[in-house]
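The values are calculated or read from the model by the stated rules, or taken from the named source; none is laboratory data. Worth saying up front: this structure is predicted, and the values here are computed from it rather than measured. Note that we place each Cβ from the backbone using ideal geometry, even for glycine, and neighbour counts take in every protein chain shown. For accessibility, only protein heavy atoms count, side chains too; no ligands or nucleic acids. Shrake-Rupley method; radii C 1.70, N 1.55, O 1.52, S 1.80 Å.
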Amino acid sequence: MGLFDFLSRIFGGSPPAAGGAPSPSRPVGTKKQAPENSYDLGGYFRRPKKRYRATFSYEPPKYVRNEPYAMARRAFYPQDDHQFVDKSAGYRPHVLAKYNLPQIRTPEELALWLAVPLKTLVWLADYYDDLWQEPARKKNHYHYKKVQKRSSGVRLIEAPKAILKTIQKRILHEILDHVPAHPAAHGIRKGSSILSNASPHVGKKVVIKVDLADFYPRLVMKRVKAMFRAMGYNVEMCAWLAKLCTNKAGYDRDLPQFYYRRHLPQGAPTSPALANLCCFGLDVRLSGLAKKFNATYTRYADDLTFSGGEDLASPERTAALLWAVRKIIRDERFYANALKTRVLRKGTRQIVTGVVVNQKLNVSRSEFDRLKAVLTNCVRKGPATQNRHKHPNFKAHLQGRVAHVTRLNPARGAKLQRLLDKIAWAS
């Protein structure tokens, strides 16, 4: 079943009343009962007996006299003459071999595998955790760019610099790509796209969309370390690999507080794969919930989509599903963006990750009209007048957008391709 051997996890509570109204409060000591007008969900919302757990057990670090490996931590409270902490316990080579992962146990072996000196690895991993401070910002390994969100707030794009980006790409291709994510995850993984995410929801009576708020910055280093731990690496290597894949932004009054902790940076090549692995438990629970409602569930990064037929189309069932989804999201330590929750029924235009799914996969009329207007103005006034976002290769950008429309609607794509061929590009 992937990384974890999940046991059955059934959470407590009672479904909401019709229309999504919360259950009234009850006096202390009385037995909790479901409201008379609540929808019966077959006993799904009973109190759990066991939670899902990983198949490995925690092994505490050992205190030793001599330095067990380079960069080993000194004991904060030395006992007798035991001056160092050995965190190499818990190494599981059989799990690493199962996923064909590199066998690495110490920082020296990690530096040798990455083909960098150990002191360079210390600098790239920010071993002393001081590069986020203002005097050392020029030595930081990330480029920062603030992007204003459509609704409200600021999104921070953290793009790694050349050396760290090379390291992260190797971790991605030789470690993370070998570990399978949940089948419901379609965000930036091999063999998946926005089309594979949207196709299971074609022709459904109702489509429900839920968005996770501040997705990447809320995936903190503790979760990333747990993922590497589940792959079979020891505690020491989990810390080093997690530090290479996370970042802590500097002090900025315009940024939320969670950017000050180590988190997955939006812009790093390893972040999408690690996010899919960190959401494995969320995907397992939401897939089980969707099966209970006879619905379909997919996730593309932070976009959760549910769809179904008559069993989900009634307002009572829709309200019950949304209530359960929000409960699971909170329980998995995520936050749902209430402003972006949508219930799209058959009579309206149903869009999943930018693709219309009412009867077949199609491009929206508004997107087609906008792209057609851009291409027409490029023919009449020249392409330089339409490159408002300063794309370095505007021709390739337009070719990609036209190819996307062609995959969804060949007839419309042919019209746009004829306009694209008429554009006079400067040599």
Worksheet entry | Matching residues, the stretch 179-191, being out of contact with any strand residue (DSSP E or B) (no Cβ under 9 Å at 6 or more places or on another chain) and surrounded by 15 or more Cβ atoms within 10 Å (Cβ to Cβ) | V179, P180, A181, R189
Worksheet, complete the sentence: Scanning the stretch 247-288 for residues that are closer than 23 Å to R330 by Cα and not in a helix (DSSP H, G or I) gives L255, P256, R261, R262, H263, L264, P265, Q266, C279
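Would it be correct to say that A159 is surrounded by fewer than 17 Cβ atoms within 10 Å (Cβ to Cβ) and either at pLDDT below 95 or more than 25 Å from L344 (Cα to Cα) (or both)?
Yes, satisfied.
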Worksheet item: open to solvent by 20 Å² or more (accessible area, probe 1.4 Å), assigned to a helix (DSSP H, G or I), more than 28 Å from C279 (Cα to Cα) and in contact with a His (Cβ under 7 Å, 6 or more places away or on another chain): does that describe H391?
Response: no
Practice prompt. Please enumerate the residues belonging to the stretch 94-116 that are open to solvent by 60 Å² or more (accessible area, probe 1.4 Å) and either part of a helix (DSSP H, G or I) or free of Cβ contacts under 8 Å to residues at least 24 places away in the same chain (or both).
Written response: H94, A97, K98, Q103, E108, E109, L112, A115
Item to complete: Those residues that are open to solvent by less than 10 Å² (accessible area, probe 1.4 Å) and of a type in the set (S, T, Y), I need them from the stretch 197-232; list them, please.
Response: none
Fill in: Qualifying positions in the stretch 368-388 - part of a helix (DSSP H, G or I) and in contact (Cβ under 8 Å) with a residue 24 or more places away in the chain
F368, L371, K372, V374, L375, T376, C378, V379, P383, A384
Worksheet, complete the sentence: Of (1) open to solvent by less than 10 Å² (accessible area, probe 1.4 Å); (2) in contact (Cβ under 8 Å) with a residue 60 or more places away in the chain; (3) touching a Lys or Arg at 6+ places or on another chain (Cβ under 9 Å), T246 fails just (2)
